[in-house]
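Participant: Let me give you the structure first, and then I'll get to my questions.
Rule-based calculations on the coordinates, nothing more; no lab input. Worth saying up front: this structure is predicted, and the values here are computed from it rather than measured. In this analysis, Cβ positions are derived from the backbone assuming ideal geometry, glycine residues included, and neighbour counts consider all displayed protein chains.
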Amino acid sequence: MSGSVFKSSEVADRLRPFMQKWIDEKFSTQANIEDQGAGFAIILYDTANKKERYYSFTEAGLAGALAADASGDMILLPPGTLTLTAGITVSAGVGLIGAGGDRKTILQSSGDIGQFVILSSASIIDNVYVNNSTANNAAARYAIYANNGIVLRCRAQCINAGAGKATGIYLLGTSAMAKESHGIGTNNGGGAGVGIYLLNGPYAYDCIGEGSTTGFEIQQAV
């Protein structure tokens, strides 16, 4: 029996209907939580044990969900804006899923953060607005830094008031991919601003790159 090989974009397309069904069901749960006066919560779906864990929609709550996840799990973020004072890392094989549609999920930086949202290998961020708009440094700054991770339907903006490069979406490695996403990089300190930066063979499909220097930058390490 011969096996099949799919590109990461094809895998994402195949997963999307199942992910959307799960998300819609969870938002029904979210509505029940809100009706009970508990407010919106972060939901961690544990695929191994087929159970859900709930965390507050706070910086500490998101940190708790990220610390408890394992490969194959999904973290569902509710609508609203969550301000973070430090960058976060999505573990390998974990999905970080925003509300989508008119129900925007926004991760907003506070203070100077180098790599605001880091994606590990095979991790996914979907339907999240990521704003690393408070950077001020001579070193490079990023909104989403995807090290062989996948960025779907996101808007990622980086603004650096220092001289360091500002990059909206940074894609590193042949398994990294962005699809239907918008990367914005603005530098107000004399450095470069890049919307989407691709290094060492990643892919960008149906994306918008917008930068104070260039929308897209592509490089191959030698």
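Participant: Calculate the all-directions average of the projected area of segment 103-161's alpha-carbon convex hull, and give it in nm².
Facilitator: Result: 3.8 nm².
Participant: Let me ask something else. Quick check: pseudo-label points 7 Å beyond the Cα along Cα→Cβ at Glu59 and Ala139, how many nm apart are they?
Facilitator: That separation, rounded to one decimal, is 1.8 nm.
Participant: Around Gly114, with a cut-off of 13 angstrom between Cβ atoms, what is the net charge of the other residues, counting Lys and Arg +1 and Asp and Glu -1?
Facilitator: Within the 13 Å Cβ shell, the charges total +1.
Participant: Quick check: net charge around Lys165, other residues with Cβ under 15 Å of its Cβ, Lys/Arg +1 and Asp/Glu -1?
Facilitator: -2
Participant: Quick check: pseudo-label points 7 Å beyond the Cα along Cα→Cβ at Thr174 and Ile208, how many nm apart are they?
Facilitator: Distance between label points: 3.3 nm.
Participant: Please list, in chain and number order, the residues 5+ apart from Gly193 or on another chain whose amide H is under 5 Å from its amide H, with Hs placed from the backbone.
Facilitator: For Gly193, whose amide H was placed from the backbone, the distant partners under 5 Å are Ala166, Asn187, Ser212, Thr213, Thr214.
Participant: What ranking do Val117, Val90, Val128, Val151 get, fewest neighbouring Cβ atoms within 10 angstrom at the top?
Facilitator: Placing the least packed residue first, the sequence is Val90, Val128, Val117, Val151.
Participant: For Gly87, what charge total do you get from the other residues with a beta carbon under 14 Å from its beta carbon, if Lys and Arg give +1 and Asp and Glu give -1?
Facilitator: Local net charge: -1.
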